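Notes follow the structure.
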């Protein structure tokens, strides 16, 4: 039975897992992630299903949240302060800013809790840690789709009833690209923060606050056309990678000039953030169980 | 012997003590920059090669651990608390990464360490089976195929579509274990399952371990329970101080391990005048002596507690030395003094002397105990020490089918008789 009873040790078996002290920072085991694809989908499903468990309105909240904010903004910033641009009905202007913004800020705030929030599972069992932020991105994308559908309905209602005429064409095809840029930017920033919060918990307080601040430095509330008199402020707005995305979102949806230069900047920042995020996350996830 | 499925080579894990958050953000940035360029981390906890640069203390939880495990082996991992067993398991189950060395493994690793991890309270039992299975690395169709079996094994068919938050903790454990048991891993890690759960759970765990090992897969079993280790394992590794102290056949390693207890911790001596006590009478040394010198203390074996004293001023025969045996919670199991032997005990000698208290076998339960020394003069307590000695009583042998520790502060072996009440015929 013992065919290998030679004086030499058996030839090394083809090991499937090799764990060592270091590994390249950008090494993502895609095959392993693929193996865990069912877990990605289950986490996604869990995120979607359980958020509204035991609520009366359930998934309706997904639509109500931006709607309520939209009408609040339309009332305060649009009607009272007169800051909305003349070419769009106020609610359409704010909703079309809030929906992509909600996607982006959801990306950051959710994925930034990956490691600290998931510690109770991750310190007990191994699975590729990236599974969590990826599934959060998917569930967040699902929320975005629903809110986008609500926005579409709103546009249809305005076009049907009011003086507003909807004029958009092939530019609509650019929308998925915007979603990709936002998703990447939010995911990269989120997992970077997530990695940093394992050491510096302060950051978790800063995230919500910081994202809020970032919104005021974007055209969600203030249209860029109102900023032409304040070039310094305009410069700050343009540094925000979300500015061009939201401008482009509105331009593609309602017709208008798409700021391609700005989008290129946003996409570059998104890719850089994703790379830095993945590298930091990869580094931290291997030993974060020791410090959490 | 099958092929090698686990190869651990020079494995080490070190932690920096008290360093979390002590670095400034500038430090962190500097380290991050070095890392980005692929240089070694300038403050790496691992590289203690330059001891002159004391960047905070480094604790080596595990160092230079190497072993190879072949398919079908059941490896017991033993060692005292804090020896590094849990760290080794964490590294093997990939919860944290090693600081040095390599682990090479073949096949799927599952752990019975944390059953039910990742259960979501708002999802039903059925949904959680899928979620938990996927966390453990199972595919959806694998779970589909085994769902019926898992539900039947868990024994909670009627509540399977109820949210898990309405489950009792026992139901959660059963469901979690049912999922883990159907994972069919090539390598199974079992950590001290015998210490938790009820007899039924223990029986299921052991049954599952037997199944796994007979089907030619490999088990790593960590336990403090030598009886279980001896009866289940084919090989034992003893980890002491983060290193492999012994690796070999179970009987050999276990007895070396238990022997190490007999030599340490259960003997103490003080410099003259520094032992606990008073100027009148003071302890000089104390020891727990098994009947056979050097043999481990078991529930069966009688042993002696010896107290050495120095009597300087007490001239009467009024001094009465005693002991109290307490458990880890400071509960006194029993107290005894020299007066227990009757009134004809000889007067306490002047100068140095020893008193022996004989503890019979079949009295102590397994566990760790401590000795407190008392001295009375007449009916008055003259002094009472802190814990001066600690010792561990091992199970030694199994009574009945139960692997765990029996309930009870003490474990006397009592006589039982059966009287038939009905006389046939």
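At a Förster distance of 30 Å, what's the computed FRET efficiency of residue B:274 paired with residue B:240, Cβ-Cβ distance as r, to 0.05? Don't skip to the end; give the middle numbers.
Details: r = 30 Å, r/R0 = 0.99.
Working from the Cβ atoms, E equals 0.50.
I'd like the mean, over residues of A:31-39, of how many other protein chain beta carbons sit within 10 Å of each residue's own Cβ. Could you put the intermediate results ahead of the total?
Values: counts 0, 1, 0, 0, 2, 5, 3, 11, 11.
If you average over the peptide's residues, the count of other-chain Cβ atoms is 4.
With a Förster radius of 30 Å, plug the Cβ-Cβ distance of residue A:268 and residue A:202 into 1/(1 + (r/R0)^6) and report the FRET value to the nearest 0.05. Provide the component values of the computation, followed by the final result.
Numbers: r = 29 Å, r/R0 = 0.95.
For R0 = 30 Å, the calculated efficiency reads 0.55.
Inside 10 Å of the C-beta atoms of A:43-51, what's the mean count of C-beta atoms belonging to other chains?
Numbers: counts 5, 0, 4, 8, 1, 0, 4, 6, 1.
The shielding value for this peptide is 3.
Where does each of A:76, A:134, B:359 land when they are ranked from fewest to most other beta-carbon atoms within 10 angstrom?
Arranged by neighbour count, lowest to highest, A:76, A:134, B:359 become A:76, B:359, A:134.
Peptide A:125-137: average number of partner chain Cβ atoms within 10 Å per residue?
Working: counts 15, 11, 6, 2, 0, 0, 2, 0, 0, 0, 0, 0, 0.
Partner Cβ neighbours, averaged per residue: 3.
With a 10 Å Cβ neighbour count serving as the proxy for reagent exposure, in which order, fewest first, do B:388, A:157 appear?
Values: B:388 19, A:157 13.
Listed from fewest to most nearby Cβ atoms, that is A:157, B:388.
Which residue, A:82, A:20, A:256, has the most motion in a Gaussian network model of chain A that connects Cα atoms within less than 10 Å?
Its mean-square fluctuation being the largest, the pick is A:20.
Using 7 Å Cα-to-Cβ label points, what is the residue B:165/residue A:69 separation (nm, one decimal)?
For residue B:165 paired with residue A:69, the spin-label model returns 2.5 nm.
For chain A, set up a Gaussian network in which alpha carbons nearer than 10 Å are linked by springs, and say which option among A:79, A:229, A:199 fluctuates the most.
The residue that fluctuates most here is A:229.
Using Cα centres only, tell me the gap between region B:83-112 and region B:362-382 in whole Å.
43
In nanometres, what is the gap between the two model label sites at residue B:377 and residue B:414, each 7 Å from Cα along Cα-to-Cβ?
The answer from the label model is 4.2 nm.
Just from its helices, what would the mean residue ellipticity at 222 nm be for the protein assembly as shown, if runs of 4 or more DSSP H residues each count -39500 (n - 2.57) and the sum is divided by every residue, rounded to the nearest 500 deg cm²/dmol?
Values: 20 runs with 279 residues, N = 717.
Estimated from H runs of four or more residues: -12500 deg cm²/dmol.
Would you please give the FRET efficiency between residue B:122 and residue A:123, computed as 1/(1 + (r/R0)^6) with r the Cβ-Cβ distance and R0 = 22 Å, to the nearest 0.05? Intermediate results must be reported in sequence, preceding the final value.
Numbers: r = 22 Å, r/R0 = 1.00.
That gives a FRET efficiency of 0.50.
GNM on chain A, C-alpha springs below 10 Å: top fluctuator among A:56, A:121, A:131?
Among A:56, A:121, A:131, the largest GNM mean-square fluctuation belongs to A:56.
Could you check the spin-label model distance between residue A:34 and residue B:335? Points 7 Å from the Cα along Cα→Cβ, value in nm.
7.3
What ranking of B:130, A:265 emerges when the number of other C-beta atoms within 10 Å of each C-beta is taken as an exposure proxy, fewest first?
A:265, B:130
Every number in this text was worked out from the coordinates using simple rules, so none of it is lab data. Remember, it's a predicted structure, so these values are computed and weren't measured experimentally. A quick note on method: Cβ atoms are made from the backbone with ideal geometry, for glycine too, and the neighbour counts reach across all protein chains shown.
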